[in-house]
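*Asks:* First the structure, then my questions, so here it is.
The values are calculated or read from the model by the stated rules, or taken from the named source; none is laboratory data. What you see is a predicted model, and the numbers here were worked out from it, not measured in a lab. For neighbour counting, all protein chains shown are included, and Cβ atoms are generated from backbone atoms with ideal geometry for every residue, glycine included. Keep in mind that these areas ignore ligands, DNA and RNA; they rest on the heavy atoms of the full protein, side chains included. Shrake-Rupley method; radii C 1.70, N 1.55, O 1.52, S 1.80 Å.
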Amino acid sequence: MSSLNINGKPVKVDADPNTPLLWVLRDHLHLTGTKYGCGIAQCGACTVHLDGRAVRACVTPVSMASGKQVTTIEGLAETALGKTVQHAWQEVDVPQCGYCQSGQIMAATALLKENPHPSEAQIATAMDGILCRCGTYNRIRTAIQNAADELKGGAK
Amino acid sequence: MKPTTAEIPGRRKFLKDSAALMGGLVIGFYLPFKGGRAMAAEGAAKPAPVYPPNAFIRIAADDTITIVVNKSEMGQGVYTSLPMLIAEELEADWSRIRVESAPVDAVYNHTGFGMQITGGSSSIPSSWEQLRRVGASARILLVRAAAAQWGVPESECRAENSRITHAASGRMLSYGDVADAAARLTLPQDVALKSPGDFKLIGKPVKRLDTPEKITGRAQFGLDVYIPDMLTVLVARSPVFGGKVKRFDATEARKVPGVQGIYQVPTGIAVAASGFWPAKTARELLEIEWEEGAGAGVSTARMREDYRALARTPGLTARKDGDAGAALKSAQKTVSAEYEVPYLAHAAMEPLNVVVDLRADRCTIWTGTQSQTMDRAMAAKTAGLKPEQVEIHTTFLGGGFGRRANPVSDFVIEAVQVAKAVGKPIKVVWTREDDTRGGHYRPMWADYIEAAIGRDGRPVAWKHTIVGQSITAGTPFEAFMTKDGIDVTSVEGAATIPYSIPNLEVGLHSPKNQVPVQWWRSVGHSHTAFVVETMMDELAHLAGQDPVQYRLALLDKSPRYAGVLRLAAEKSGWGKQVLPAGHAYGVAVHQSFDSYVAEVAEVSVESGKIRVHRVVCAVDCGMVVNPDGIRQQLESAVVYGLSAALHGEITLENGRVVQSNFHDYVPLRFSEMPRIEVHIVPSEAPPTGIGEPGTPPIAPAVANAVFRLTGKRLRSMPFDRAALA
């Protein structure tokens, strides 16, 4: 039995400790916003936050999440930053098929948390691990830059 | 995917039949509590006299308008663009539009193909008339109902923003107020549509209706479906195409906690478990001996040699103008070249998956499919049921690119077979490795071209031989897409070359093997545009002429090709723009799915690595429905084509697919992304395809730029195999 804190709520899960967090979120808790894309940390569709840092849930054993705060796309709007990023995504109309977008948004939010004013190169580095087959990368960059501007405006 | 348009024999017949089948348009309204979806399904195929509660529009008492969309949303934006067509004529309040995916029913058939299917970049073209008429008919009935209630002439009433007003008396009714009364009226016969000048919505940038769900994790893809008592199933499939299980030992696999059962199914061994992880863990412990069959002999290295040899021999004639052989013999300047492109996996971000709840008298399926009618028929056949006993819920598709319109319903049939074996509701999940190695690839192709130019530099001869598998052979599509041995999708873009060349021959060889092949975004064009447009660049070079001017002179009979080429050249500053040192432009133009796209790529080669900095696209896709949707599709199509051009390759050794996941089947990543500009040619022609036409020109545009930089011709894909350092 693993004790977890997901999106601010304590949950207990009966899963083998080696089970990747991804499948605990999906199969046990039906939090399906976190996606399976590759299972080997190549595509980033499963990106969630562990104590605020972006991790790949597909290669994170649930045992490693124990005692830490897990944030998924479903809980992202609880923070002002998460809301700002989602709003930027909406304004730029980023998604196409949408499958990778939870991971993109989680990665972008973690980036902006660490670095509120990322350069283009820093955005490219931070987002390089999250694949999109629909080609939304340029819109993602625009959305991240808009969110950064929004945050700057808010701080004034 | 294909099929599309006039090339397909019998399309006109389909159009006629489907119109007859629909019995005119069926429009209806009913309040949700009066029966919902089931009513639409019941009434659908009946002729018009009985009022068939329709299919496409539901107006609720609170004025919410639900548009039932009969095309699958896989990123291309049909959940926005198709409702726009209805809303325009309906005079609907766009902010109150909701979207629901259609069940399977004849009323939702594609107007051109006579079945429910999403592909061939045809959603807008095939729905353009149909859905505007649906919207207009509904508006007429709503106005009629309001006028009747007020006892005033319809002509004095005006519909706008989901409201009907009678100016003289100052009265107003909302659509929700009269929806019920409107539903009892007889359908109007002659429905006048707006002239484009009166459009309020069509042609304006409209935000996607599915974005809110897709940025919050709420959007439901097939993989997100969980139903009570459902088991997750992974299937161990043959490592070789066409292989069968000889014997297996599941002793160790059964010991994994969570495993509920292990079953032999026609495609392999199915492991049913409480979730993905135990199923995957157990699958790795299976010991299976395979009867591999002839597929074990397939090697792409060997095929390459065979294909190259075959390309030097005459094939079936797909086009013959003049006498290319004779013209080549007498020509002064000739050039010949071999081309190769590999098998490609679609690699949608969401791996294949299907949920099946199979009962004695019915079967319910949830999956992201592009091909509902055929999938339902094959599921029914597999389950021993009638098609009407099978229900398909089409979820969002985490990418389709053609893979999810499988012409033999591979993933759906297998899932029903698994459901039969397991006897409980199941979800078959394909791992990324399964998806990459599961076949149904874009075919591998080899081409040989001999061409010659005359004294003025214009081409006088062009002899093109194509070698590759037919994607329709052995499928239900073969009957109307293959004629006299020529699969139209094998030669599209090559036999339809637009340039004025007096002696032109295109030949085709269609060898067979065990590797299943299928349409892949832009189908035959994904390969022919590369071959034709890089060879045109060679001819321009041989003639000592500018590649844009050279093409324009040969496009004298093809104004829409010339139009996009001029626009892309102008917007990119072709021939004028001073590029950074080490950068060069390359250009290509191609028509597919009745749309014309020219692309200018700005490229550099750094330490042997190709870098694409910027792509300027010009598109002529007829009248524009949602300009922002068109931009999205061009951006997407360029990236999809660029992934393949630079990195994409599926190879086989001893019948086994070498690549398995995103580390060795590599899509374009963020840091490789070029800036993409999209310029749309204003047009009053009916709208044509947009999901695919942006893909074909990118590979040749990049290859042509690389030639300008390095003097090397890239004639095989992927380009990152080429030594450019």
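*Asks:* Can you give me the Cα centroid spacing of region B:107-160 and region B:696-725 in angstrom?
*Replies:* So the two Cα centres are separated by 48 Å.
*Asks:* Report the Cα centroid-to-centroid distance between region B:493-556 and region A:8-44 in angstrom, as an integer.
*Replies:* 47
*Asks:* Count the net charge of all other residues whose Cβ sits under 15 Å from the Cβ of residue A:46, scoring Lys and Arg as +1 and Asp and Glu as -1.
*Replies:* Values: positive: A:26, A:35, A:53, A:56, B:280, B:432; negative: A:27, A:74, B:224, B:350.
Residues close to residue A:46 contribute a combined charge of +2.
*Asks:* Next up: Which value in nm describes the separation of the simple spin-label points at residue B:204 and residue B:152, placed 7 Å from the Cα toward the beta carbon?
*Replies:* Here the modelled spin labels are 2.5 nm apart.
*Asks:* Relative contact order for chain B using alpha-carbon pairs under 8 Å, separation at least 6, rounded to a whole percent? Please report the intermediate quantities before stating the final value.
*Replies:* Numbers: 1683 pairs, mean separation 102.0, N = 725.
Result for chain B is 14 percent.
*Asks:* What is the sum of charges around residue B:723, taking Lys and Arg as +1, Asp and Glu as -1, for the other residues whose C-beta is under 15 Å from the C-beta of residue B:723?
*Replies:* +3
*Asks:* Give me the accessible area buried between chains A and B, both sides summed, with a 1.4 Å probe, in Å² rounded to the nearest 100.
*Replies:* Numbers: alone 8230 and 27770 Å², together 31340 Å².
Rounded to the nearest hundred, the buried surface is 4700 Å².
*Asks:* Work out Dmax and Rg for the protein assembly as shown from the C-alpha atoms and quote the Rg first, both in angstrom.
*Replies:* Cα radius of gyration and Dmax of the protein assembly as shown are 27.6, 84 Å respectively.
*Asks:* If you don't mind, another one. Calculate, for residue A:69 and residue B:675, the FRET efficiency according to 1/(1 + (r/R0)^6) with r their C-beta to C-beta distance and R0 41 Å; round to the nearest 0.05.
*Replies:* On the way: r = 38 Å, r/R0 = 0.92.
Computed FRET efficiency for residue A:69 and residue B:675 comes out at 0.60.
*Asks:* So what's the convex hull volume per residue for the Cα atoms of region B:474-548, in Å³?
*Replies:* Numbers: hull volume 9.5 nm³, N = 75.
Here the figure is 127 Å³ per residue.
*Asks:* Where does region A:76-151 land on Rg(C-alpha)/(2.2 N^0.38 Å)?
*Replies:* That ratio works out to 0.96.
*Asks:* At q = 0.15, 0.20, 0.26 Å⁻¹, what is the log10 ratio I(q)/I(0) for region A:2-75, with the Debye formula run over Cα points and no solvent?
*Replies:* The computed values of log10 I(q)/I(0) come out as -0.39, -0.72, -1.30.
*Asks:* When a/c reaches 1.5 or more, the comparison of a/b and b/c decides; with that in mind, is chain A rounded, prolate or oblate per its Cα gyration tensor?
*Replies:* Prolate is the answer for chain A, as a/c is 1.5 or above and a/b outweighs b/c.
*Asks:* Taking a point 7 angstrom from the Cα of residue A:18 along the C-beta vector, which residues in region B:263-283 have backbone N less than 20 Å away?
*Replies:* B:271-283
*Asks:* If you take every residue apart from residue A:4 with its C-beta less than 11 Å away from the C-beta of residue A:4, what net charge results, scoring Lys and Arg +1 and Asp and Glu -1? Walk me through the intermediate numbers first.
*Replies:* Numbers: positive: A:9, A:12, A:68; negative: none.
Here the count lands on +3.
*Asks:* While we're looking at this one, here's another question. On the full set of protein chains, 1.4 Å probe, figure out the accessible area of residue B:712 and give it in Å² to the nearest 10.
*Replies:* 90
*Asks:* Using a 1.4 angstrom probe on protein heavy atoms only, which residues from region B:660-693 are buried by at least 30 Å² of accessible area when all chains are present rather than their own chain alone?
*Replies:* The answer is B:661, B:662, B:663, B:667, B:669, B:670, B:671, B:673, B:675.
*Asks:* Among B:475, B:425, B:379, whose Cα projects farthest towards the positive end of the dipole of region B:358-494, with charges put on the beta-carbon of Lys, Arg (+1) and Asp, Glu (-1)?
*Replies:* Going by the Cα projections, it comes out as B:425.
*Asks:* Same structure again: Suppose we compare each residue of region B:210-245 in its chain alone and in the full protein complex with a 1.4 Å probe; which ones drop by at least 10 Å² of accessible area?
*Replies:* When all protein chains are present, B:211, B:212, B:214, B:215, B:216, B:217, B:221, B:223, B:224, B:226 each give up 10 Å² or more of accessible surface.
*Asks:* Using a 1.4 Å probe and ignoring any ligands, DNA or RNA, find the accessible area of residue B:720 and quote it in Å² to the nearest 10.
*Replies:* Roll a 1.4 Å probe over it and residue B:720 shows about 90 Å².
*Asks:* A follow-up question, please. Kindly express, to the nearest 10 degrees and within the range 0 to 90, the angle between helix A:80-92's C-alpha long axis and the longest C-alpha principal axis of chain A.
*Replies:* That helix lies at roughly 60 degrees to the long axis.
*Asks:* According to a simple spin-label model (label point 7 Å from Cα along Cα-to-Cβ), what is the distance in nm between residue B:577 and residue B:654?
*Replies:* Computed distance between label sites residue B:654 and residue B:577 equals 5.0 nm.
*Asks:* Could you work out the relative contact order of region A:76-151, using alpha carbon pairs under 8 angstrom and six or more residues apart, expressed as a whole percent?
*Replies:* Working: 71 pairs, mean separation 33.9, N = 76.
Relative contact order here is 45 percent.
*Asks:* Looking only at region A:11-36, which residues have a backbone nitrogen under 20 Å from a spot 7 Å from the Cα of residue B:255 in the C-beta direction?
*Replies:* Answer for this model: A:16-19.
*Asks:* Could you compute how fast region B:142-293 diffuses translationally, taking Rh as the Kirkwood radius over C-alpha pairs and applying Stokes-Einstein at 20 °C with viscosity 1.002 mPa s? Give it in µm² per second. Write out the running numbers ahead of the final one.
*Replies:* Numbers: Rh = 21.8 Å.
D, rounded to a whole number, is 98 µm²/s.
*Asks:* Right, next: Using a 1.4 angstrom probe on the protein heavy atoms only, could you order B:121, B:336, B:330 from most to least accessible area? List each step's numbers first, then the result.
*Replies:* Values: B:121 20, B:336 60, B:330 95 Å².
Sorted descending by solvent-accessible area, the residues read B:330, B:336, B:121.
*Asks:* Plugging the Kirkwood radius over Cα pairs into Stokes-Einstein for region B:211-345, at a temperature of 4 °C and a viscosity of 1.567 mPa s, what D comes out in µm²/s?
*Replies:* On the way: Rh = 20.3 Å.
D, rounded to a whole number, is 64 µm²/s.
*Asks:* Just tell me which aspartates and glutamates come within less than 17 Å, Cα to Cα, of residue B:712; anything on the same chain fewer than 8 places away is out.
*Replies:* B:338, B:340, B:533, B:537, B:538, B:602, B:606, B:720
*Asks:* What distance in nm lies between label points placed 7 Å from Cα along the C-beta direction at residue B:317 and residue B:227?
*Replies:* About 5.5 nm, to one decimal.
*Asks:* Now for a different question. Suppose we keep just the DSSP beta bridges with both residues in the protein assembly as shown; what percent of those would be antiparallel, to 5?
*Replies:* On the way: 98 of 129 bridges.
Given both bridge residues lie in the protein assembly as shown, the antiparallel proportion sits at roughly 75 percent.
*Asks:* Same structure again: Cα-based Rg of chain B per 2.2 N^0.38 Å, rounded to two decimals?
*Replies:* On the way: Rg = 27.0 Å, N = 725, 2.2 N^0.38 = 26.9 Å.
Dividing the Cα radius of gyration by 2.2 N^0.38 Å gives 1.00.
*Asks:* Report the relative contact order of chain A, percent, no decimals, based on alpha-carbon pairs under 8 angstrom and at least 6 residues apart. Don't skip to the end; give the middle numbers.
*Replies:* Working: 267 pairs, mean separation 36.8, N = 156.
With pairs under 8 Å counted, the relative contact order is 24 percent.
*Asks:* In terms of solvent-accessible area of protein heavy atoms at a 1.4 angstrom probe, what is the ranking of B:536, B:172, highest value first? Provide the component values of the computation, followed by the final result.
*Replies:* Working: B:536 0, B:172 95 Å².
Largest accessible area first, the residues go B:172, B:536.
*Asks:* Also, quick follow-up: Cα to Cα, under 18 Å, and not fewer than 8 places away if on the same chain: which lysines meet these conditions relative to residue B:463?
*Replies:* Output for residue B:463: B:320, B:329, B:333.
*Asks:* Same structure, new question: Which value at 222 nm does chain A reach when only helices count, each DSSP H run of 4 or more adding -39,500 (n - 2.57), with the total divided by all residues and rounded to the nearest 500 deg cm²/dmol?
*Replies:* Details: 5 runs with 58 residues, N = 156.
Computed mean residue ellipticity for chain A: -11500 deg cm²/dmol.
*Asks:* Between region B:284-344 and region B:476-490, how far is it from one alpha carbon centroid to the other, in angstrom?
*Replies:* Answer, in whole Å: 18.
*Asks:* Under 12 Å from the Cα of residue B:194, which aspartates and glutamates turn up, not counting those fewer than eight places away in the same chain?
*Replies:* B:88, B:89, B:91, B:129
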